[in-house]
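The values are calculated or read from the model by the stated rules, or taken from the named source; none is laboratory data. Keep in mind the model is a prediction, meaning the values are calculated, not measured. Please note: Cβ atoms are built from the backbone with ideal geometry, for glycine as well, and neighbour counts cover all protein chains shown.
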Amino acid sequence: MLSRRQFSKLILGSGALASSNLGRAFAPPAQNAIQGCDLLIKGGTVVDPGQGLHAMLDVAVKDGTILELSPNILAARARNVVSAKGKIVSPGIIDVHVHVFEGMGPIPVNADLYCLNRGVTTVVDTGSTGYAGIAAFTKYVIRPSATRIYALLDINGLGVMTGLSDEYANLEWVSSQATARAAEENKPDVVGIKCRLSRETTGPNDLEVLKRALEAAKASGLPLMVHIGDSYSPLPEILAQMRRGDVLTHCFNGRPNGILDADGKLRSEVQEARAGGVFFDVAHGSNSFDFDVAEKCLQQNFTPDTISSDLATTSINGPTFDLLTTASKFLLLGLTLDQVIERVTLRPTRVFDFGAQLGTLRLGAGADISILEVREGAFLFIDTDGKKRMGRQKLQSAATIRAGRLYVNRSEDLPIA
C-alpha cells in the first residue's frame with residue numbers, strides 16, 4: 001500500500017477567489033493576454049455537463065479556483081503546466097456512497113488512498129457512524145483528509161462501523177432525537193441521515209427503523225438515504241414513506257424485494273417515487289449490483305440519478321475496486337461518457353447540499369478537477385453475483401486537482417512542464 005507521501009505529489013497551494021464572471025464559460029481575449037495562473041491544464045477535452053460543455057479547452061487555475069476556460073491559453077502565463085492531451089478533464093468527481101471512517105471497525109477505508117488517489121475529489125460517507133461517533137469522525141478523519149468528506153448519520157448510534165449483523169435489533173440505539181441533535185451540531189459536515197433496511201440488519205423492525213430515521217431527517221431538515229436489499233417489508237411499503245429529496249440506494253441489487261417485479265418489469269411504485277422526487281443511487285458495493293437488473297432498468301428508460309461505489313474493505317479488491325470502475329460498467333451498459341460524468345459530478349450536487357460550488361468548472365468555482373483517461377480495449381467486468389461481461393472502454397484516473405492542489409495518480413502518463 002502506498003503512503004500518502006508516495007501517492008501524492010503536491011504542486012500548488014490553495015486559496016480563494018478568481019473571476020467574478022460566473023455567467024460565462026470563457027474569459028474575454030484581453031484577460032487571456034494579461035492574467036497569470038498557478039496551474040494550467042492544456043490540451044484536454046473538457047466535459048462539464050452542468051455547463052453543457054464537451055470541447056477541447058484549456059483550464060487555468062489561480063488561488064484554488066477556476067480562473068478561465070479557453071482554447072489555447074498561453075503556457076507562459078502559468079507557473080505550472082500539465083498536459084492533458086488525449087484525456088478528459090471533468091469537474092471533480094463525487095462519490096455519494098463510501099465508508100471512510102478508517103480505523104473504526106473492519107469496514108471503512110482510507111479516503112485519500114482509495115478515493116483521491118483514484119480520481120475522486122469529494123465523498124459522502126454513508127452511515128459509518130451515528131450520533132455516538134460523529135465528533136470523532138469529524139476530528140480525526142474529515143479535517144485531516146485531503147479528500148473532501150461529508151457524512152450521513154446512521155440512525156443507529158454506532159453506525160455500520162462495527163460490521164455486525166442485527167444492527168437495529170436493540171431499538172434503544174435507534175434514536176431520532178439523538179440523531180437529529182447530532183446532525184444539527186455537526187452541520188455542514190453532516191448532509192443527511194441513513195438507515196439500512198436489509199433483513200439481516202433490521203429483522204422485522206424495518207418500518208419502525210424507517211419511521212425513526214424519517215423523524216430525524218425531518219427534525220434536522222436533511223434528506224434520508226434508505227439502503228435496500230432483501231428488506232423484511234415489501235419495497236412499495238418503504239417507498240410510500242419516502243419524501244421528495246430522499247435517496248434509495250443499492251437500486252440495482254439483485255436481491256428479493258428489489259425495484260423489478262417477478263417479470264423483470266419496473267415496479268409502478270418505483271416510477272411513482274421517482275416522479276415524486278425520490279433519487280435512485282447505484283452504490284455497487286460487494287453485494288448490491290446486478291448486471292441483469294441494471295440492464296433491464298436501462299431498457300425501460302430508468303437510469304440512476306447517481307453512480308456511486310459503496311467503497312469499503314469488502315469491495316476495494318473487487319468487484320467494485322473504485323468509483324471509476326463502477327462508472328465504466330455503465331459505459332458497457334450503454335450510457336454515454338457525458339451521461340456517466342453527469343452522474344458523478346452534477347447530479348450529486350442536486351441530491352445533497354454541500355455548501356460549496358461543486359460538480360462544475362464554472363469560473364470562480366473551487367478548483368476540484370479530475371483528469372481521466374478513457375482506455376480502449378477489452379476489459380472484463382464482474383457484478384456482485386459473479387456474472388461477467390466484456391467492455392470496450394474503461395475509465396482510469398490520471399490526476400486529481402483538489403482545491404487547486406495537483407495529485408498525480410499516474411505520473412508516467414501525465415507530463416508536467
Scan (1) over 15 Å from THR360 (Cβ atoms); (2) in a strand (DSSP E or B); (3) small (Gly, Ala, Ser) for the single condition SER90 breaks and write down its number.
-> (1)
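Let's see how each residue does on (1) within 30 Å of LEU222 (Cβ to Cβ); (2) assigned to a strand (DSSP E or B); (3) within 18 Å of the chain's Cα centre (by Cα):
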{"site": "ALA327", "(1), (2), (3)": "yes, no, yes"}
{"site": "GLN339", "(1), (2), (3)": "yes, no, yes"}
{"site": "ASP353", "(1), (2), (3)": "yes, no, yes"}
{"site": "SER370", "(1), (2), (3)": "yes, yes, yes"}
{"site": "ARG389", "(1), (2), (3)": "no, yes, no"}
{"site": "LEU395", "(1), (2), (3)": "no, yes, yes"}
{"site": "TYR407", "(1), (2), (3)": "no, yes, no"}
Here are some residues: VAL226, VAL293, VAL247. Which one is in contact with a Phe, Trp or Tyr (Cβ under 7 Å, 6 or more places away or on another chain) and under 17 Å from GLY127 (Cβ atoms)?
-> VAL247
For segment 171-179, state whether one or more residues are surrounded by fewer than 20 Cβ atoms within 10 Å (Cβ to Cβ) and touching a residue at least 60 places away in the same chain (Cβ under 8 Å).
-> no
Quick check: is even one residue across segment 59-67 surrounded by 24 or more Cβ atoms within 10 Å (Cβ to Cβ), more than 30 Å from VAL141 (Cβ to Cβ) and not assigned by TED's automatic domain parsing to the domain that holds ALA312?
-> yes
Name every residue in segment 235-275 that is part of a helix (DSSP H, G or I), surrounded by 13 or more Cβ atoms within 10 Å (Cβ to Cβ) and out of contact with any helix residue (DSSP H, G or I) (no Cβ under 8 Å at 6 or more places or on another chain), in order of residue number.
-> GLN271, ARG274
Right, GLY103: touching a Gly at 6+ places or on another chain (Cβ under 8 Å) and either assigned by TED's automatic domain parsing to the domain that holds ALA327 or at positive phi (or both) or not?
-> no
Criterion (polar (S, T, N, Q) and in contact (Cβ under 8 Å) with a residue 60 or more places away in the chain) met by exactly one of THR360, THR336, THR326 = THR360
Considering residues of segment 359-375 that are touching an Asp or Glu at 6+ places or on another chain (Cβ under 9 Å) and surrounded by fewer than 24 Cβ atoms within 10 Å (Cβ to Cβ) only, the residue farthest from GLU68 (Cα to Cα) = GLU373
Give VAL81, VAL96, VAL124, VAL109 a once-over and let me know the one that is under 16 Å from the mean Cα position of the chain (by Cα) and surrounded by fewer than 23 Cβ atoms within 10 Å (Cβ to Cβ).
-> VAL109
Residues ALA180, ALA217: which one is in contact with a Pro (Cβ under 7 Å, 6 or more places away or on another chain), over 22 Å from ILE107 (Cβ atoms) and not β-branched (Val, Ile, Thr)?
-> ALA217
Restricting attention to segment 304-348, and to residues there that are polar (S, T, N, Q) and either closer than 13 Å to ALA283 by Cβ or in the same structural domain as GLY50 (by TED's automatic domain parsing) (or both), which single residue is surrounded by the fewest Cβ atoms within 10 Å (Cβ to Cβ)?
-> THR314
Of the conditions (1) modelled with pLDDT under 95; (2) more than 30 Å from SER315 (Cα to Cα), GLU102 fails just one. Which one is it?
-> (2)
With LEU53, LEU116 as the choices, which residue is touching a Ser or Thr at 6+ places or on another chain (Cβ under 6 Å) and on the phi < 0 side of the Ramachandran plot?
-> LEU116
Do the conditions hold for ILE134, that is, is it in contact with a strand residue (DSSP E or B) (Cβ under 9 Å, 6 or more places away or on another chain) and within 21 Å of GLU172 (Cα to Cα)?
-> yes
Restricting segment 214-224 to residues that are crowded, with 20+ Cβ neighbours inside 10 Å and in contact with a helix residue (DSSP H, G or I) (Cβ under 7 Å, 6 or more places away or on another chain), the one nearest to GLY130 (Cα to Cα) turns out to be ALA216
Within segment 376-393, can you find the residues that are charged (D, E, K, R) and either surrounded by fewer than 20 Cβ atoms within 10 Å (Cβ to Cβ) or in the same structural domain as PHE330 (by TED's automatic domain parsing) (or both)?
-> GLU376, ASP385, LYS387, LYS388, ARG389, ARG392
Does GLY285 satisfy the criteria of being in a loop (DSSP other than H, G, I, E, B) and more than 21 Å from the chain's Cα centre (by Cα)?
-> no
Can you tell me which residue among ALA217, ALA262, ALA182 is more than 22 Å from the chain's Cα centre (by Cα) and either more than 27 Å from LYS296 (Cα to Cα) or in contact (Cβ under 8 Å) with a residue 60 or more places away in the chain (or both)?
-> ALA182
